There are 2 protein chains.
Amino acid sequence: MTVRCILPAVSQRATFQEQLRAGWRRSGSLLGIGFDPIPDQFPDPVSRDRAGVLRFCLEIAEAVGDLVCAFKPQFAHFAALGAEAELATLIGELQLRFPDVPVILDAKRGDIGSTAERYALEAFERYGADAVTVNPYLGPESIKPYLAYHDRGVIVLCRTSNPDSGWLQDYPAEDPVYLRVARAAAEWNAHGNVMLVAGATYPEQLEAIRDTVGDMALLVPGIGTQGADLDAAVAAGLTRDGAGLVFNTSRAVLYASARADYTDAARRVAEQLHERLASARDSCAVT
Amino acid sequence: MTVRCILPAVSQRATFQEQLRAGWRRSGSLLGIGFDPIPDQFPDPVSRDRAGVLRFCLEIAEAVGDLVCAFKPQFAHFAALGAEAELATLIGELQLRFPDVPVILDAKRGDIGSTAERYALEAFERYGADAVTVNPYLGPESIKPYLAYHDRGVIVLCRTSNPDSGWLQDYPAEDPVYLRVARAAAEWNAHGNVMLVAGATYPEQLEAIRDTVGDMALLVPGIGTQGADLDAAVAAGLTRDGAGLVFNTSRAVLYASARADYTDAARRVAEQLHERLASARDSCAVT
């Protein structure tokens with residue numbers, strides 16, 4: 001048994017940037033689906049064990065895959081269950097079944113440079129993810145090891161969607177931390193593989209981020225369960241070519257029904273979100 | 001197979017706070033040892049696989065255990081190797097062999113409240129860690145799920161030891177982010193289980209943190225490989241009763257020798273650091 005043998009082969013996939021652009025062109029979708037498996041909330045027919053976690057996520061993916069531009073498994077929801085093997089299998093299966101849809105590992109890593117190298121290895125080689133989310137609290141050097149993977153996405157937390165995110169990120173009022181992060185991210189983006197997290201729940205800050213970073217792609221949580229105003233968020237963040245945004249929803253789709261119709265219910269919610277996003281985008285194009 | 005069955009029994013251990021205070025009293029040590037296993041850097045006699053990772057960490061622990069007040073396995077170094085099982089075994093073995101030494105899982109988690117609940121479950125129930133490190137970028141609500149475990153330590157990143165940590169943490173100059181975090185941490189500490197990370201490499205900020213948080217315990221990285229001035233850091237951070245600090249070193253001890261004498265070499269480095277810390281503390285007590 002050697003350590004090297006656990007690294008999966010990440011064959012001839014397109015780069016993260018190419019996948020994302022192709023996805024926007026092909027499906028016209030601005031919708032990403034997150035996988036936050038919580039066995040206690042699984043629909044009745046799904047077993048509440050690790051095998052059930054994998055089955056549930058793949059069933060949801062099959063139900064909504066043609067409607068999305070990204071998948072986003074959330075690390076804690078697998079780690080809490082000891083389901084790393086299932087996370088690795090899920091990522092591999094998603095890439096096999098949906099070769100054009102990038103898979104974002106939402107792990108929000110943040111550590112000093114030498115440790116960040118190990119986290120980059122974990123995300124991009126062990127799990128073979130197309131992109132990973134990272135936290136900027138430790139400064140620019142802590143982001144660099146991820147940027148060294150030019151073909152993978154590095155998605156930096158900027159202005160998150162949760163209620164008290166402004167406590168640190170909007171501070172100080174005259175030139176807040178989140179804008180400092182946005183300006184730095186624009187500098188880090190020499191290979192076009194940097195994205196920022198900008199919550200749909202704060203359209204004003206989302207617009208300020210868009211003004212700061214040009215056409216950089218943004219990962220936008222906060223729709224679905226968190227209930228942001230979609231029209232305002234699309235208007236605030238859309239790029240000139242009508243794309244540049246991945247609106248992520250997880251719980252609203254995953255737990256759309258607790259009964260046997262859960263994949264149908266998940267698809268209905270995803271379709272509604274997809275249509276509302278398309279309609280919001282079309283309104284922006286008209287004006 | 002149900003999900004519940006993977007949770008280990010976390011029996012009759014003392015609380016994190018009791019362990020830490022008892023450790024300071026018993027050994028007089030301010031030294032913590034971190035486990036950052038990198039197989040490529042292992043001494044020649046240790047196999048460069050997951051079995052070697054566990055063996056190496058336990059051998060180092062046995063060599064230095066009587067000199068320390070805390071152990072700190074670093075998550076990325078296990079995750080990059082797919083060594084979650086070895087991490088869980090290491091934590092359990094350390095707690096069995098050194099019942100008075102708290103084990104800190106250095107994972108620097110940071111996510112919205114509902115996800116933080118899953119990370120807390122991972123750290124405290126799956127791995128049974130006595131404490132976990134967390135990142136404050138997402139705000140106070142993202143810390144609360146960890147605080148709900150009153151008997152475990154919650155160690156919040158405040159002013160980290162790496163060279164460009166000031167980029168975000170020292171901003172803005174008039175009332176920097178790190179002091180805002182320190183003031184909040186003092187409020188979160190109703191159960192005495194909150195600590196802050198304050199790098200030894202920035203004694204001025206360490207002193208400002210100490211002035212802000214009273215006798216709160218601080219985790220102090222940056223000695224050893226990062227080469228901070230120990231005397232300045234001890235003087236800046238020591239509490240009135242000559243404790244309150246856990247100076248962490250990892251690489252300087254782990255990789256003290258690449259040959260068969262690696263446990264002896266690790267002990268020598270740990271002894272030197274232990275003595276230098278004791279001497280710095282005694283100087284403070286005299287003045």
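Derivation of every value follows stated rules applied to the coordinates shown; laboratory data play no part. Here the structure is a predicted model, which is why all the values come from computation and not from measurement. We place every Cβ from the backbone using ideal geometry, glycine too, and count neighbours over all the protein chains shown.
Treat every Asp and Glu Cβ in region A:186-250 as -1 and every Lys and Arg Cβ as +1, leave all other atoms uncharged, and give the resulting dipole magnitude about the Cα centre to the nearest 20 debye.
Using Cβ point charges on Lys, Arg, Asp and Glu, region A:186-250 gives about 160 debye.
Could you put A:K72, A:K108, B:K144 in order, starting from the residue whose Cβ has the fewest other Cβ atoms within 10 Å?
The most exposed by this proxy come first: B:K144, A:K72, A:K108.
Need the C-alpha centroid separation for region B:167-191 versus region A:5-79, integer Å.
That distance is 37 Å.
Amide H of B:S161: which non-local residues (sequence gap of 5 or more, or other chain) have their own amide H closer than 5 Å, using H built in the peptide plane?
When sequence neighbours closer than 5 places are left aside, the close amide H contacts are B:G199.
So what is log10(I(q)/I(0)) for chain B at q = 0.09, 0.10 1/Å, when the Debye sum runs over its Cα atoms only?
Listed by q, the Debye log ratios stand at -0.39, -0.49.
Of A:G224, A:Q19, B:T160, which is farthest towards the positive pole of the protein assembly as shown's charge dipole, taken about the Cα centre with +1 and -1 on the beta-carbons of Lys, Arg and Asp, Glu respectively?
With unit charges placed on the Cβ atoms, the residue in question is A:Q19.
Expressed as a whole number of Å, what is the distance separating the alpha-carbon centroids of region A:216-238 and region A:86-113?
Region A:86-113 and region A:216-238 have Cα centres separated by 22 Å.
Once you charge only the Cβ atoms, +1 for Lys and Arg and -1 for Asp and Glu, what is the size of the charge dipole of chain B about its Cα centre, to the nearest 20 debye?
Magnitude of the dipole: close to 460 debye.
Specify which residue in the list A:A79, A:Y149, A:L238 is farthest towards the positive end of the charge dipole of region A:12-286, using unit charges on the beta carbon of Lys, Arg (+1) and Asp, Glu (-1), about the Cα centre.
A:Y149
Counting only complete DSSP H runs, which helices of chain A cover 27 Å or more along their long axis at the Cα atoms and score a mean Kyte-Doolittle of -1.0 or above?
Once both thresholds are applied, what remains is A:262-286.
Under a 5 Å amide H to amide H cut-off, with H placed in plane at 1.01 Å, what residues pair with A:S250 once short-range neighbours are removed?
Under 5 Å from the amide H of A:S250 lie the amide H atoms of A:G34, A:T225, each far enough along the sequence or on another chain.
Roughly how big is the protein assembly as shown's charge dipole about its Cα centre, with Cβ charges of +1 (Lys, Arg) and -1 (Asp, Glu), in debye to the nearest 20?
So the magnitude is around 660 debye.
Please name whichever of A:P172, A:S257, A:G65 sits farthest to the positive end of the charge dipole of region A:12-286, dipole taken about the Cα centre and charges placed at Cβ: Lys and Arg +1, Asp and Glu -1.
Result: A:G65.
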